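Every read-out reported here was derived from the displayed coordinates using simple, explicitly stated rules and does not represent laboratory data. Keep in mind it's a predicted model, so treat the numbers as computed, not measured. Neighbour counts are summed over all protein chains in view; Cβ atoms, including those assigned to glycine, are modelled from backbone coordinates with ideal geometry.
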Amino acid sequence: MGPPAIRTFHERDRPVVIDLWRRCDLVRPWNDPDRDIDRKLAVDDGMFFVAEDGRSDAASGDRGHVLGTVMAGYDGHRGWINYLAVEPDAQDAGIGRLLMERAEHALADAGCPKINLQIRTSNVGATAFYERLGYTRDEVISLGKRLVDDTR
């Protein structure tokens, strides 16, 4: 089997994607994954990608298995990466790198000069992954303020 296909998210992917995010420990009570998907789709920028294996069969209607996701966005000043997730048993197979390449190309095509992303301080594996891709630590403090309470 060759490399996974990277394509834009389709609504039919929603339950599989949310399950993947949960298994990759990306979901938190204050980040409702359904609402986050709805918010991303409302922007309609085409920068929500999934990686799927090549097992799709158009004749039977079967589609490939979702192996990973990434959400990218551009606010006119900086690009952002969210929800990079790769199937736990497929990590270290280059899928995360392929997803990031697709996101980076989409952001570059939009005119984005710099990409930011946030990693939980406890996630040393993700930090090492991004550093291998050429990301460096910025001397900044990340602050946040919830405007919508997703826990309700």
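Worth pointing out:
- Residues with amide H under 5 Å from that of Leu84, placed H, sequence gap 5 or more: Met71
- Of the residues Val27, Val140, Val66, the one with the fewest other Cβ atoms within 10 Å heads the list, and the complete ranking is Val140, Val27, Val66.
- Computed from backbone phi, the HN-Hα couplings of segment 90-96 come to 10, 5, 6, 10, x, 5, x Hz, rounded to whole numbers (Karplus: 6.51 cos²θ - 1.76 cosθ + 1.60, θ = phi - 60°; Gly and Pro given as x).
- All Cα-Cα separations within the chain were binned at 5 Å from zero, giving a P(r) of 2, 8, 18, 22, 22, 17, 8, 3, 1, 0, 0, each value a whole percent of the pairs.
- Computed [θ] at 222 nm, helices only, for the chain once each DSSP H run of length n ≥ 4 contributes -39500 (n - 2.57): -9000 deg cm²/dmol
- Of Glu52, Glu139, Glu101, the one that fluctuates the most in a GNM where the chain has Cα springs shorter than 10 Å: Glu139
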